[in-house]
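Before any comments, here is the structure.
The values are calculated or read from the model by the stated rules, or taken from the named source; none is laboratory data. These numbers were taken from a predicted model, which means no experiment stands behind them. Cβ coordinates were reconstructed from backbone atoms using ideal geometry, including for glycine residues, and neighbour counts include every protein chain displayed.
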Amino acid sequence: MPAFFFHAVAAFLLLAIITIAATPLAAAQDAGASDPFYEQAKTLVDASLKDRRGIVEQLAASDDPRLIPLLRHLLEGDLYYSKEDGELLVVDGDTDAVTSWLTDEAVEIGKSDRKKITTNNQLRGLLRDLIARLQLTNDDATVRYNAVRQLLGEEDDDTTETIRELIASEDDRETRELMQVVLDFERLSKEEQVEDDLFQRLSRRLEPEVKNKLTAYAESASPAMASNAADALEKIDARVRFYGHIETIFFGLSLGSVLVLAAIGLAITFGVMGVINMAHGELIMLGAYTTWVIQQWMPSNVGAALLLSIPAAFLVAGFVGVLIERLVIRYLYGRPLETLLATFGISLILQQAVRTIFSPLNRSVVSPSWMSGTLEINSVLALTNNRLVIIGFCLAVFALLSLVMQRTRLGLEVRAVSQNRPMARAMGIRSERVDMLTFGLGSGVAGIAGVALSQLTNVGPNLGQGYIIDSFMVVVFGGVGNLWGTLVSGFTLGIANKFLEPWSGSVLAKILILVFIILFIQKRPRGLFPQKGRAVEA
Amino acid sequence: MTSLLRGDRGGWILFALVILLMVYIPIGNLALSADHPLYVSTYTVTLLGKYLCFALLALSLDLVWGYLGILSLGHGAFFALGGYAMGMYLMRQIGDRGVYGNPELPDFMVFLNWDALPWYWYGFDQFWFAMLMVVLVPGVLAFVFGALAFRSRVTGVYLSIMTQALTYALMLAFFRNEMGFGGNNGLTDFKDILGFDIQADSTRIGLFLASGFALLAGYLACRSIVTSRLGRVAVAVRDGEDRVRFLGYSVTKVKLAIFTFSAVLAGIAGALYVPQVGIINPGEFTPVKSIELVVWVALGGRATLYGAVLGAVTVNYLKTEFTGLMPEAWLFALGALFVLVTLFFPRGLAGFRLPWKSAK
């Protein structure tokens, strides 16, 4: 369903909307003499390559809404005809699905019974040009903008002339500016002397074509002009670098979000309760597997399955967490090193259990369509949707958890017990119950982290292991017993990692970060934000 | 020697058993024919030699965990470093018998198109130098790491996690091809050691005996530390670090001395392990290996020394059996072992008493 939907949007957007909406159904059904556009299009089938050029030019004079999609299909080599009756067919390049061009209905036809309507370079050049021209006069500003964007760097005299005609009547500011760039390009190519204004204008553009053009210009122009061009280039480079940094920070934030998500459950169990839970990674893994299982149940509705996975993963991992606490950890309070060993044993058991139940192979979880795609800020900076969603999700989980810890009865009791257990008990808090619920909460959050991770990596029995050391580092670096510390430290480590990566490689960056944390802990053994007051000594 | 083992019944039994094995195994393997009922196969010799190395490694961990209270989750790193030092010597001994026949460079460097030996490989063609590095590399790393950590009083769980980060970082580093240690594949295809063919039965026996001697010597060394004044201070540090400090002892120095010595011991164990198994790769650095080592000691019984040996041999024997019979179940068994031992046998096998005796 999502794959089909995606294709429909990408490849048949115009076709789907325009054909169905604008063409009366009746006309589509008795396609014959009443549809001159189609008749004309069909003459492409028997025409020679040379004649096809003429036919395409005639077709372009029509104002039929099916024109651009037709030209596109022809350009991309998707347009076929049936050998039997000469009807036009559209073949999807990826899926090889055949549809009738006229009715948009699926057609059963063998490979040998259809033939491609071929094009040559000259014809394809003409098609591109025609499509651009037609789009430049489209009613939708986005279509016009994209058309100019595609022309950029490949413009010829004809298209430049078209743009010169259209620029005055263009009312979309961004499109107009881009059109101006095309005109500026022409002047750079043809005139000896150009005024500074032009370079000023171009130095604000980030399109790679502008850079190429200026670089080429600087090589051939007179020294004075060349230095102007070099100045403009330098400005462009500075801005590209700036956006590069923004992008790195964004990558860092998204990596940091993953770290925070993985670590924040640990921050509760380790930080607040002082329990070393080496099975934390496996609770994350359980969350990821929950996502996978739910997706198997409702494969037709990926988005809803993912949303449903969040509470489900919380419950599954939380339940397992409570079991671990009740069966093992509660006998080991006050003996942190023993807790570490016992929970490590549990992590081995959970790993093997998953391997036995789900097979040792990695499972992949499908991402819903709203998580793919990108948010384009400008031509050098594009933020991918899945990263944006993860960052938002991380912040939401963090906010919710802070709210629970600061504003609810449970949070109050958890804080009381973690600060002074005997006193809290004296005040009537059932510390055993609080321990159990806290551990369940921390484990549940680990499960939620697993839902997020299932969108980024494959789900396998070793998923958790990869995150356990990182999570501990984040918590220790941020300062134990401090949710804010975990957030700051996760983002800091994520961003630092991404800034190191370009010059050191990803593995070395990770090593450097680990060494840095080891050294940092020597300097500040209680992390970035140490807990203050008497609770520290308890 | 007898004075060191005074009152250490477990130690006496261990000595007796190891010496017995060291006498019997060479005869059983070399002197008896293969169809003799008391014949010992070379496979068994290597297996036992491996157990002895693990026992020495467990001993080194027991020294810091049992007597000093430091739970190191990175002792596998010292073991692996000692192993790599030995592996580098063995690699250089291959000479021009490698696949590419390059007299200077190991195969993997030829494969990576390196044209010269990296500086840190110099000297490893000499046995004495390699042995020096077996001791120095883990020792210096432990000393530097310990000096930093103990001086700033990183203790308990934090220290454990730091040691884990250390071995994790080393693992990532050794996985990189650019490091010059063979990357993913590690060092392997060894031919001979000190001129003896590494595959020959007699060499295997020699390595087995060397491991036995190393274990006994290591045991005596640990005993001598444990029974000395230093050992008593160490136990005091374990039980009440601040009090020891207030009494005027330098806790940092005590910890540093014992931690460094323990790392050296682990390094020696690694160096003896590598020629017997014939490979060393970054897998030895994985944190899981180090934690597994902790469970050997926990199962055997902490702060007894001989318990560590007992635990190492028991767990590894079980592992050999399990992975042979039903590999699926091994992780279940190991995991259950972790949980059950910590919950029900905090003193381990060595602390196990028959019910009518423990009543006293």
inquiry  = Residues that are under 14 Å from the mean Cα position of the chain (by Cα), in a helix (DSSP H, G or I), surrounded by fewer than 24 Cβ atoms within 10 Å (Cβ to Cβ) and touching a residue at least 12 places away in the same chain (Cβ under 8 Å): does the range B:273-281 have at least one?
reply    = yes
Restricting the range A:306-336 to residues that are without any contact (Cβ under 8 Å) to a residue 24 or more places away in the chain and in contact with a helix residue (DSSP H, G or I) (Cβ under 7 Å, 6 or more places away or on another chain), the one farthest from the other protein chains (Cβ to nearest Cβ) turns out to be A:L308
Just one listed residue, out of A:V389, A:V354, is more than 14 Å from chain B (Cβ to nearest Cβ), part of a helix (DSSP H, G or I) and either out of contact with any Phe, Trp or Tyr (no Cβ under 7 Å at 6 or more places or on another chain) or not basic (K, R) (or both), and it is A:V389
Quick count over the range B:246-272, residues being among the basic types (K, R) and surrounded by fewer than 16 Cβ atoms within 10 Å (Cβ to Cβ), is 1
B:K289: farther than 19 Å from B:G218 by Cβ, within 14 Å of another protein chain (Cβ to nearest Cβ), in a helix (DSSP H, G or I) and touching a Phe, Trp or Tyr at 6+ places or on another chain (Cβ under 7 Å), yes or no? no
Note: among A:N458, A:N482, A:N462, just one is over 28 Å from A:T291 (Cα atoms), in the same structural domain as A:G392 (by TED's automatic domain parsing), of a type in the set (S, T, N, Q) and in contact (Cβ under 8 Å) with a residue 24 or more places away in the chain, namely A:N482
- Message: Quick check on A:L350: is it surrounded by 14 or more Cβ atoms within 10 Å (Cβ to Cβ), closer than 23 Å to A:Q465 by Cβ and out of contact with any helix residue (DSSP H, G or I) (no Cβ under 6 Å at 6 or more places or on another chain)?
- Response: no
Among (1) buried (at least 21 other Cβ atoms within 10 Å of the Cβ); (2) under 29 Å from A:F491 (Cβ atoms), A:N362 falls short only on (1)
Taking the range A:459-510 and the residues there that are away from chain B (no Cβ under 14 Å) and not in a helix (DSSP H, G or I), the one that is farthest from the chain's Cα centre (by Cα) would be A:N482
On the given criteria, is B:A234 touching a Phe, Trp or Tyr at 6+ places or on another chain (Cβ under 6 Å), away from chain A (no Cβ under 14 Å) and surrounded by 19 or more Cβ atoms within 10 Å (Cβ to Cβ)? yes
Of (1) over 26 Å from the mean Cα position of the chain (by Cα); (2) over 30 Å from A:L341 (Cα atoms), B:W121 fails just (1)
Taking the range B:144-192 and keeping residues facing chain A (nearest Cβ under 8 Å) and on the phi > 0 side of the Ramachandran plot leaves B:R153, B:G156
Check: Does any residue of the range B:239-248 turn out to be touching a residue at least 60 places away in the same chain (Cβ under 8 Å) and more than 16 Å from B:H75 (Cβ to Cβ)?
Finding: yes
In the range A:190-217, anything modelled with pLDDT under 80 and either surrounded by 13 or more Cβ atoms within 10 Å (Cβ to Cβ) or touching an Asp or Glu at 6+ places or on another chain (Cβ under 9 Å) (or both) is listed as A:V194
B:Y120 vs (1) within 29 Å of B:I258 (Cα to Cα); (2) in contact with a helix residue (DSSP H, G or I) (Cβ under 8 Å, 6 or more places away or on another chain); (3) more than 14 Å from chain A (Cβ to nearest Cβ): all pass except (2)
Picked from the range B:301-342 (must be crowded, with 19+ Cβ neighbours inside 10 Å and not in a helix (DSSP H, G or I)), the residue farthest from the other protein chains (Cβ to nearest Cβ) is B:L305
task = Would you check if B:S262 is within 11 Å of another protein chain (Cβ to nearest Cβ), in a helix (DSSP H, G or I) and closer than 23 Å to B:S211 by Cβ?
result = no
For the range A:363-377, does any single residue satisfy the condition of being more than 14 Å from chain B (Cβ to nearest Cβ), of a type in the set (A, V, I, L, M, F, W, C), assigned to a strand (DSSP E or B) and farther than 30 Å from B:A333 by Cβ?
yes
Only one of B:P103, B:P26 is touching a residue at least 12 places away in the same chain (Cβ under 8 Å) and not hydrophobic (A, V, I, L, M, F, W, C), namely B:P26
Within the range A:337-346, is there a residue that is at pLDDT below 90, among the β-branched types (V, I, T) and closer than 26 Å to A:R415 by Cα?
yes
If you go through A:I391, A:I357, A:I377, the only one that is under 16 Å from the mean Cα position of the chain (by Cα) and modelled with pLDDT of 85 or more is A:I391
Expected output for the range A:114-137 (first residue of a type in the set (D, E), partner part of a loop (DSSP other than H, G, I, E, B), Cβ below 9 Å, 6+ apart or cross-chain) is A:D129/A:D156
